[in-house]
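Encoded as structure tokens, the structure appears first; notes follow it.
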There are 4 protein chains.
Amino acid sequence: MSTQVRAGIFGASGYTGAELVRLLSGHPHVALNVLTADRKAGQSMAEVFPQFTGRDLPKLVKIDEADVGALDVLFTALPHGTTQLVISDAFKKNPKLKIVDLSADFRLTDPDAYATWYGHEHQALDLQSEAVFGLTEHYREDVKKTRLLANPGCHSTTSILPVVPLLRTNVIDPEHIVIDSKTGMSGAGRAANEAMLFSEVSEGIHAYGVGRHRHTSELDQEYSKAAGHEVLAMFTPVLAPMNRGIYATVYVHTRGSSSPADLHAVLSEAYKGEPFVQVLPFGQVPQSRHVRGSNNCQLGVVADRVHNRAIVISTTDNLVKGASGQAVQNFNVMFGFDETTALTGSALFP
Amino acid sequence: MSTQVRAGIFGASGYTGAELVRLLSGHPHVALNVLTADRKAGQSMAEVFPQFTGRDLPKLVKIDEADVGALDVLFTALPHGTTQLVISDAFKKNPKLKIVDLSADFRLTDPDAYATWYGHEHQALDLQSEAVFGLTEHYREDVKKTRLLANPGCHSTTSILPVVPLLRTNVIDPEHIVIDSKTGMSGAGRAANEAMLFSEVSEGIHAYGVGRHRHTSELDQEYSKAAGHEVLAMFTPVLAPMNRGIYATVYVHTRGSSSPADLHAVLSEAYKGEPFVQVLPFGQVPQSRHVRGSNNCQLGVVADRVHNRAIVISTTDNLVKGASGQAVQNFNVMFGFDETTALTGSALFP
Amino acid sequence: MSTQVRAGIFGASGYTGAELVRLLSGHPHVALNVLTADRKAGQSMAEVFPQFTGRDLPKLVKIDEADVGALDVLFTALPHGTTQLVISDAFKKNPKLKIVDLSADFRLTDPDAYATWYGHEHQALDLQSEAVFGLTEHYREDVKKTRLLANPGCHSTTSILPVVPLLRTNVIDPEHIVIDSKTGMSGAGRAANEAMLFSEVSEGIHAYGVGRHRHTSELDQEYSKAAGHEVLAMFTPVLAPMNRGIYATVYVHTRGSSSPADLHAVLSEAYKGEPFVQVLPFGQVPQSRHVRGSNNCQLGVVADRVHNRAIVISTTDNLVKGASGQAVQNFNVMFGFDETTALTGSALFP
Amino acid sequence: MSTQVRAGIFGASGYTGAELVRLLSGHPHVALNVLTADRKAGQSMAEVFPQFTGRDLPKLVKIDEADVGALDVLFTALPHGTTQLVISDAFKKNPKLKIVDLSADFRLTDPDAYATWYGHEHQALDLQSEAVFGLTEHYREDVKKTRLLANPGCHSTTSILPVVPLLRTNVIDPEHIVIDSKTGMSGAGRAANEAMLFSEVSEGIHAYGVGRHRHTSELDQEYSKAAGHEVLAMFTPVLAPMNRGIYATVYVHTRGSSSPADLHAVLSEAYKGEPFVQVLPFGQVPQSRHVRGSNNCQLGVVADRVHNRAIVISTTDNLVKGASGQAVQNFNVMFGFDETTALTGSALFP
């Protein structure tokens, strides 16, 4: 391809922003023309993230200073709630723009669900109906056509991939799904915060958002859609002392004559040929470190000692498949590039 | 009390052994006369654990060299399977001895369960019937009278304390208990092992023993006893990148008209006045780091968004309340000392 | 002793404050009557530090609300710069008060040095002349008599203990002392700070305050005093991904006919009988984890391959011997208690 | 280039082997045809390193089973001492082979130095004279021509890059160079080893090989060569609780009228245009995490408070620029590829 896609990142000074820069720097068809950062405007990316020292990157500017009209694609890595107005404004300035939104603003198709979980009315309902929930493996055809891609949450991505095929094929009991989803610290972002200081969170572990974490709403939406009726799983996120990684342990009961091995067969079939989802041999347990830095999701199915129960395990890197990597994957699909472009790197282990 | 209890530790070169030394060094009524270590016999404790440099401690000897007849109490911190013969032999040499066993050898009262979970017949069945399962809070009266104390496992202690009162009072559904139990690395012991190298297990997380971890048998025994019928919870241990701490997230369904707040009330009542179990205010989430180095178990109950479901969280330090601290607690009860002697230290945080 | 010393802690919501509470809770002669915390006044200690759940502790109040007149001893764990005014005021209200100050405000005896390193004139010069630099092992007799104890910095404590005896005995070249001092994160305190987020500082290492860290001024003062002339060592602090621990690698050249073994002999002699300083056998290398949670300083001396050079290593827990433990040690000396009271706990390892 | 270079890796089950696989998998001109692993022969790479699940890689075989004649390049990632015989044998079977050796066997040009530091006579002296010390930036022309490349050690690479230009230009005092070199755990390799268990080495720090680490010999060789006379720096490696990263703090005295800023100028000039060495602005302090996973070396120079002293800091990823990345860099030079091929990835931070 001779011409480059002109790309911008709104919110380049956060962790998902930096991860987009890391990945897109290796993309042969992307020109990274605009990087914004609110409080750090005026600085270079290398000042904000010294790992980019020596890279040829545009200076950080404020959103107001960004020329949206000169972009083909915009990645928004901004806080929830305010993003919808920024996107609304960007489309007004450039209706041909394609946007990959890493916030939660357009993930929920039901306005009431949005209002319930986020505590305020949605302010760009017209756009919400256009948005596609960008779990690429499940919505690839829709992704191709949309101009507004709602990139799923990190916990959601990790827990939708293993469960939706099981619900679709009716091999598990939708009433008794329990998900314990461990996450690394980078998901909490870069804002100064006593609760995320090294000394507060190293050498220990704890749950958070128990009984009410917002990613639950994405699970409800996708699980219910897959089952054809309302499914409300139990879901608890747990903060583990590591930078990266989501590790979901999913407890299920098989249905009818289905066995744990059948669940494994369903997942193997569902993700056959998918470049970024690897179903490990039946009984093998994934480890989050084996997907670190990669766009991979590794899945495992293990039989419980009680015959009709199984433990399904799913792991991703929250900043890659759980955020910026999946964003690039969706971008590739939206622009007709090979879906794996810039995403072929192996995990960094150890 | 004017005289000292003459104590020995078999297996002092492992982590639970060292923790016993740390705690018993601060016990005003204990004389630590014997320390054994198989491969490290002949060395001083300070050579094996430099934190004890300057402490007045006996040299490490082999078990054969230990004079069991000159002991009042013996703590056994040896591998599972071989301990039963060592204990059998010790009682032959000194029938008045009291033993606190930190291995799994005498925890299961049912010989068949033992054979099933440990893969061989028990070799000291006569003693097994004497043994008391040393979850102090639940078996205090039995502990007072026994000469053979089977100290519970770290996962078991942490998951029995929050669940047994709920089963006894019939406020939860015994058919749908799911336990995701995160643990630090020190539980894996000090043996050289590729899988436990820093580079293998830091910066990541993974489940192990999925569907078949041996501590499950202790849960089965105690849960079933509490419910009055067989209860088989789903239980998965998960290895987190930290030294110490067990953190169990327990998913339950309330029964009848019970609410999550009722569960909290049951636990508050059950542990009222207990020095080592703290039930946090309803809705507050414990953190493993807040019990680190202490003999405490902190419990929390949080309501799920679905009204008849709750998340009960329990955390301990696997080397203290999950092993050596509970061993000292049981020792105190067995010898009539104040139960908190040598165990009053606050957790080390940060 | 029948009566209790009535104690207060100003700044109880920081890490050194919490560590004082942990240690003093185990002190048989201390009644902890006052705890202050600026922004967290009104809360209980258990809310701010859940490890104290169940402990009988006074509620947090503002400094203004504290009745200084009803205290025998005050521990100040407040930020540098403002502490001098707080202390000045406290002495006005209660001249018989004894104060153990954990800030840097009274550590430098030379007002010019203070102004240079801290960037402003000292505002309580009259008190500064009363203050005793509380490195207990070196100033025990002065500590006994003072009412204002300036507790040394964590880096300073760790680097003064190994070097001062060598300078006093003239066995090393004072012109070529290099100190690389690694520290854990808890020394940075509990204030919300982007630079100290887990994701910023885990899985990596870096120097800070290079060439100009304020603790250097304490080294200059004590080294020069020991040598009898100005000594300006090279000193660089390095932030390591751990909670606790200072680990100073000190590079020295021996002087005249002195050998590395002579250095070891000097240190062994200097700290003979000291309860909290352990000189390891010649050639043995300390590890910071073996002093974690204890008031110990472990020292090692190793010969370099070049005959007249040696590496001297010193390690402490920055929150204990480097701060709150040494504060309690000084308190014990000031009030005539056994110096080890409440400080006999072994290190927590693993 | 139409044809692929046929490559083999001897020792693919260790960390440097896995890192070679990670990097070479992304190399457009390499066919990875042979992977060996002694004890794990017969397994797939995905079994040994699950991050490679789904990658098309040859099965692990024993060295004896490898067809060396069908290779153009061989990477040896085997233990020191035995490698020299393996390489000698490989050249006999295929004299046209090019070998990149990641062991220490051919790094020292002086046979006596080898015998002294490694404790035995070298067994392939004829080959040693052919070997080129592969610090690419300094020996690029030699690298182009050799068939036996001795890849430098991780500590050596990190400490040679900042110091050699300073010695060559005579701006520092060669008699007083002190290097404190912190390293992550992955450098210790994957062998089961009590001393490298997570619980032994997390949450703490310690020096090792003090006064006698073998990488010192590489510094001696290169420093002396640069200065034109014998230079024996003080060098201490320190193990930090992280997977990856070398972080060398180098303490120097400037010479004559040179200032710390002059040192910075020398380094900036020396590495101008180098793709993998970044000299940060004068006074800026590097962090190891900003090179993690990349082939970069970041250098910083900071003035000490005493005018003729400076702290020079250098950091690399021990598995990339300190091992496998530099190996690929050298391979690129040896085969005439662009030197940055397969090495352009940014560091993974956080």
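The values are calculated or read from the model by the stated rules, or taken from the named source; none is laboratory data. Model, not experiment: these values are computed from the prediction. Positions of Cβ are backbone-derived with ideal geometry, glycine not excepted, and every protein chain shown enters the neighbour counts.
Working only within the stretch B:193-213, note down all residues that are among the acidic types (Asp, Glu) and assigned to a loop (DSSP other than H, G, I, E, B).
Result: B:GLU203, single match.
Within 13 Å of chain B (Cβ to nearest Cβ) and under 20 Å from A:SER159 (Cβ atoms) - does that describe any residue in the stretch A:327-341?
no
For the stretch B:179-199: of the residues being over 22 Å from B:GLU19 (Cβ atoms) and surrounded by fewer than 24 Cβ atoms within 10 Å (Cβ to Cβ), which is farthest from the other protein chains (Cβ to nearest Cβ)?
Looking at the filtered set, the residue picked out is B:ALA195.
Quick check on the stretch D:218-236: of everything there that is in contact (Cβ under 8 Å) with a residue 60 or more places away in the chain and touching a strand residue (DSSP E or B) at 6+ places or on another chain (Cβ under 7 Å), which residue is surrounded by the fewest Cβ atoms within 10 Å (Cβ to Cβ)?
So, considering only residues that are in contact (Cβ under 8 Å) with a residue 60 or more places away in the chain and touching a strand residue (DSSP E or B) at 6+ places or on another chain (Cβ under 7 Å), the one surrounded by the fewest Cβ atoms within 10 Å (Cβ to Cβ) is D:ALA233.
Could you tell me which numbered condition A:SER156 fails, if it satisfies all but one of (1) away from chain B (no Cβ under 14 Å); (2) touching a residue at least 60 places away in the same chain (Cβ under 8 Å); (3) farther than 30 Å from D:PHE349 by Cβ?
(3)
Mind counting the residues in the stretch D:160-188 that are of a type outside the set (Lys, Arg) and either at pLDDT below 95 or closer than 15 Å to D:ALA270 by Cβ (or both)?
Matching residues across the stretch D:160-188 total 12.
Can you tell me how many residues in the stretch C:163-185 are in contact with a Lys or Arg (Cβ under 6 Å, 6 or more places away or on another chain) and closer than 30 Å to A:SER202 by Cβ?
Residues flagged as in contact with a Lys or Arg (Cβ under 6 Å, 6 or more places away or on another chain) and closer than 30 Å to A:SER202 by Cβ within the stretch C:163-185 amount to 1.
Only one residue in D:ALA115, D:ALA131, D:ALA150 is free of Cβ contacts under 8 Å to residues at least 40 places away in the same chain, of a type outside the set (Lys, Arg) and crowded, with 20+ Cβ neighbours inside 10 Å. Which one?
Every option except D:ALA131 fails the conditions.
From the list B:ASP112, B:ASP38, pick out the single residue that is acidic (Asp, Glu) and at pLDDT 95 or above.
B:ASP112
Evaluate the stretch C:332-346: report whether one residue or more is touching an Asp or Glu at 6+ places or on another chain (Cβ under 8 Å) and closer than 30 Å to C:PRO241 by Cβ.
There is no residue in the stretch C:332-346 that is touching an Asp or Glu at 6+ places or on another chain (Cβ under 8 Å) and closer than 30 Å to C:PRO241 by Cβ.
Can you report the number of residues in the stretch D:201-230 which are more than 7 Å from every other protein chain (Cβ to nearest Cβ) and over 21 Å from the mean Cα position of the chain (by Cα)?
4
Kindly check whether there is at least one residue in the stretch B:214-227 that is closer than 25 Å to B:VAL291 by Cβ and not in a helix (DSSP H, G or I).
Scanning the stretch B:214-227, I find at least one residue that is closer than 25 Å to B:VAL291 by Cβ and not in a helix (DSSP H, G or I), so the answer is yes.
Just one of the numbered conditions (1) free of Cβ contacts under 8 Å to residues at least 60 places away in the same chain; (2) closer than 23 Å to D:PHE52 by Cα; (3) in contact with a His (Cβ under 8 Å, 6 or more places away or on another chain) is not true of A:SER259; which one?
(2)
Would you confirm, using the coordinates I've provided, whether C:ASN243 is more than 7 Å from every other protein chain (Cβ to nearest Cβ) and buried (at least 23 other Cβ atoms within 10 Å of the Cβ)?
In short, no.
Rundown of residues vs (1) at the interface with chain B (Cβ under 9 Å from one of its Cβ atoms); (2) surrounded by 23 or more Cβ atoms within 10 Å (Cβ to Cβ), yes/no style:
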| residue | (1), (2) |
| --- | --- |
| A:VAL238 | yes, yes |
| A:GLY256 | no, no |
| A:ALA265 | no, no |
| A:GLU274 | no, no |
| A:GLN287 | yes, yes |
| A:ASN296 | no, yes |
| A:LEU299 | no, yes |
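Among the residues of the stretch A:302-315, are any outside any strand (DSSP E or B), in contact (Cβ under 8 Å) with a residue 12 or more places away in the chain and closer than 20 Å to D:SER25 by Cα?
no
Taking the stretch B:307-342, which residues are of a type in the set (A, V, I, L, M, F, W, C), in contact with a strand residue (DSSP E or B) (Cβ under 8 Å, 6 or more places away or on another chain) and within 30 Å of B:GLU175 (Cα to Cα)?
Listed by number, the residues that qualify are B:ALA310, B:ILE311, B:VAL312, B:ILE313.
Residue under question is B:LEU24, and the condition is that it be aliphatic (A, V, I, L, M) and either surrounded by fewer than 17 Cβ atoms within 10 Å (Cβ to Cβ) or within 14 Å of chain C (Cβ to nearest Cβ) (or both); does it hold?
yes
Which condition does A:TYR251 not pass, out of (1) among the hydroxyl-bearing types (Ser, Thr, Tyr); (2) more than 9 Å from chain B (Cβ to nearest Cβ); (3) over 30 Å from D:PRO241 (Cβ atoms), if it passes all the others?
Among (1) among the hydroxyl-bearing types (Ser, Thr, Tyr); (2) more than 9 Å from chain B (Cβ to nearest Cβ); (3) over 30 Å from D:PRO241 (Cβ atoms), A:TYR251 violates only (2).
Would you check if C:GLU141 is in contact with a strand residue (DSSP E or B) (Cβ under 8 Å, 6 or more places away or on another chain), outside the structural domain of C:GLY211 (by TED's automatic domain parsing), part of a helix (DSSP H, G or I) and not β-branched (Val, Ile, Thr)?
In short, no.
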